[in-house]
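K.L.:
Questions regarding the structure given below will be posed in turn.
The values are calculated or read from the model by the stated rules, or taken from the named source; none is laboratory data. For clarity, every value in this text was computed on a predicted model and none was experimentally measured. Quick reminder, even Gly has a Cβ in these numbers, built from the backbone with ideal geometry, and neighbours come from all protein chains shown.
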Amino acid sequence: MTVMQKQQEKHTPKPQKFRVYGPVATVYGSSNTGSWRILCPKVDYEACIKCGTCARSCPANIIDIIKEQSECVVIDFDYCKGCGICANECPVKCISMVVERG
Ligand code: SF4
Ligand code: SF4
């Protein structure tokens with residue numbers, strides 16, 4: 001490898017790894033939406049019937065349903081956009097969108 005090639009390699013940024021979540025996800029680091037989301041889904045676990053509709057309808061694919069635990073709807077808030085689709089689709093309306101920052 002020539003000196004010039006070594007210098008080029010040294011100054012070329014290394015490729016970064018990104019988590020890709022579903023069809024609306026992007027490869028940009030800014031897909032971490034936790035810093036700018038305004039509304040945040042809040043689940044009423046007493047009313048939740050663990051149907052999984054929210055997980056299937058979330059465009060970012062960041063909801064896991066873990067039926068064995070009492071707080072069964074696990075949302076990755078680093079990537080939640082606060083779009084409210086999960087709240088709209090929930091058949092028993094046990095997800096409410098709460099203001100996270102004004
Ligand atoms: S608010 Fe939108 S992005 Fe966040 S969990 Fe619900 S459907 Fe997914
Ligand atoms: S859609 Fe509603 S009832 Fe179904 S798992 Fe999600 S929060 Fe629970």
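K.L.:
Suppose we keep only residues that are surrounded by fewer than 16 Cβ atoms within 10 Å (Cβ to Cβ) and hydroxyl-bearing (Ser, Thr, Tyr) within the stretch 58-102. Which one would you say is farthest from ligand 2 (Cβ to nearest atom)?
P.N.:
So, considering only residues that are surrounded by fewer than 16 Cβ atoms within 10 Å (Cβ to Cβ) and hydroxyl-bearing (Ser, Thr, Tyr), the one farthest from ligand 2 (Cβ to nearest atom) is 70.
K.L.:
Within the stretch 25-57, count every residue that is buried (at least 16 other Cβ atoms within 10 Å of the Cβ), modelled with pLDDT under 95 and either part of a loop (DSSP other than H, G, I, E, B) or more than 9 Å from ligand 1 (Cβ to nearest atom) (or both).
P.N.:
Residues in the stretch 25-57 being buried (at least 16 other Cβ atoms within 10 Å of the Cβ), modelled with pLDDT under 95 and either part of a loop (DSSP other than H, G, I, E, B) or more than 9 Å from ligand 1 (Cβ to nearest atom) (or both): 3 in total.
K.L.:
So which pairs qualify, if the first residue must be in the stretch 67-90 and of a type in the set (A, V, I, L, M), the second must be in a loop (DSSP other than H, G, I, E, B) and buried (at least 19 other Cβ atoms within 10 Å of the Cβ), the Cβ gap must be under 7 Å, and the two must be at least 6 apart or on different chains?
P.N.:
75/62; 85/58
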